[in-house]
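Submitted below is the structure of interest, expressed as structure tokens.
The values are calculated or read from the model by the stated rules, or taken from the named source; none is laboratory data. Computed from a predicted model, the values in this text were never measured in an experiment. Positions of Cβ are generated from backbone atoms using ideal geometry, with glycine treated the same way; all protein chains shown enter the neighbour counts. We work out accessible area using only protein heavy atoms, side chains counted, and drop any ligands, DNA or RNA first. Shrake-Rupley method; radii C 1.70, N 1.55, O 1.52, S 1.80 Å.
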Amino acid sequence: MSDSALKTVTVLGSGIMGAGIAQVAAMGGLDTFLYDVNDAALEKARGVIAGSLKKLAEKGKFPAADVDATLARVRTTTDFAAAVTPSDFVIEAIPEKLDLKQRTFVELERLTRPGVPLGSNTSSLMISAIAEPLRDKGRVIGVHFFNPVPVMRLIEIVLGPDSSPQALAATEALAKVMGKETVRVKEAPGFATSRINALIGLEAFRMLESGIASAEDIDKALKLGLNHPMGPFEMADLVGLDTRLSTIRYLHKTLGETFRPSPLMEKLVEEGRLGRKVGRGVYTYDAKGNRIPDATH
Ligand code: CAA
């Protein structure tokens, strides 16, 4: 697909990642559909996108004059067929459940034009497993973004054994339009990024469980001692503890004991402490997203 064939992008799922992906697509000038199952989620996503565009404009990283038009390019809808039928490239960012993704991709194959790439933002599942029930498995490709999407520069392109050269070329063209760099990775549990990132996060939880240091000090140690831009607990709260736990469970199943889930992480998820998105994770946040001091776990 040439760059010019790429006009309309559809993003499925309007959570943290879906909203960010829709935002960078619209910033690249693409007509963007953002689909979710309910209007409240879409409304929230629109607010997140508006806030991020404003922030970028204030910092001089995006023209203030383009903010309204960019926001207007994002069309939110709960009508799946209306969102995907006109699409030149679909990116799925729905929950990390294989059966849900497979059902969604079967519908995508039915409703989109033949050859339109079907991307998944999965952070750990196998592309071949998602593509398994499709007739044309070559259309499925991993398009893995990073949070916060408008700031992070990478798209990790994950190639299943059947991912076609056309899907790869289209993904690289899409990344260019979105202003992102790419790496190519053959599918393997956790790809390159999630596998390493999950392991660092998991080890931090194990250290906290065994009382080696406080969450704040472990975060501080990695930031100031190892120059990580954020600590592993800040990262877990950003990514979402539920998302992180489901990745770790999957890596445990596929790669073994190194990835055995942390009981503390499981407990926080059971208690609904899912991270920044709900105002409480390892740390606690006020309504504006600022951390409340000393409210650490
Ligand atoms: N939209 C627009 N701008 C944003 C933003 C957003 N959503 N979030 C942050 N920014 C901007 C800020 O305005 C700020 O701009 P200036 O530098 O011009 O001031 C800049 O980004 C830095 O932000 P902050 O000053 O608030 O804080 P910071 O310096 O700590 O940076 C961060 C924040 C960019 C998130 C940085 O901490 C960082 O890079 N953290 C690591 C993020 C990371 O590793 N993400 C990957 C997570 S794993 C994943 O996503 C994959 C997965 O599969 C789940």
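What percentage of all Cα-Cα pairs in the chain are separated by more than 24 Å?
Summing the P(r) tail past 24 Å for the chain gives 52 percent.
How much length is gained on full extension from V183 to L199, taking 0.36 nm per residue of separation minus their Cα-Cα distance?
The span from V183 to L199 would gain 3.7 nm if fully extended.
Starting from 0.36 nm per residue, how many nanometres of slack lie between T258 and D66 once their C-alpha separation is accounted for?
64.4 nm
Still on this structure: Sum up the charges of everything whose Cβ sits under 13 Å from the Cβ of A192, counting Lys and Arg as +1 and Asp and Glu as -1, but leave A192 out.
Neighbour charge sum, excluding A192 itself: +1.
With both partners inside the chain, how many of the DSSP beta bridges are antiparallel, as a percent to the nearest 5?
Bridges in the chain that DSSP calls antiparallel: roughly 20 percent.
Which one of K277, K54, K267 has the biggest mean-square fluctuation once the chain is modelled by GNM with Cα springs under 10 Å?
With Cα springs under 10 Å in the chain, the top fluctuation among K277, K54, K267 is at K267.
When the helix-only estimate is applied to the chain (DSSP H runs of n ≥ 4, each -39,500 (n - 2.57), divided by the residue count), what is the mean residue ellipticity at 222 nm, nearest 500 deg cm²/dmol?
About -13500 deg cm²/dmol.
Another question, if that's okay. Provide Rg over Rh for region 193-296; use the alpha carbon set for both Rg and the Kirkwood Rh (inverse mean inverse pair distance).
Rounded to two decimals, Rg over Rh is 0.95.
I'd like to check one number: the per residue accessible area of region 193-296, probe 1.4 Å, reported in Å² as a whole number.
For region 193-296, the per-residue accessible area is 52 Å².
If you don't mind, there's one more thing I want to ask. If you average the alpha carbon positions of region 32-82 and of region 139-206, how far apart do those two centres end up, in angstrom?
22
Considering only Cα-Cα distances, which of the following residue pairs are longer than 29 Å: K7/K55; K61/K288; K101/K277; K55/K223; K61/K267; K101/K176?
K61/K267
While we're here: Counting only protein heavy atoms and using a 1.4 Å probe, what share of the accessible area of region 85-208 belongs to carbon plus sulfur, as a whole percent?
Within region 85-208, the accessible surface is 58 percent carbon and sulfur.
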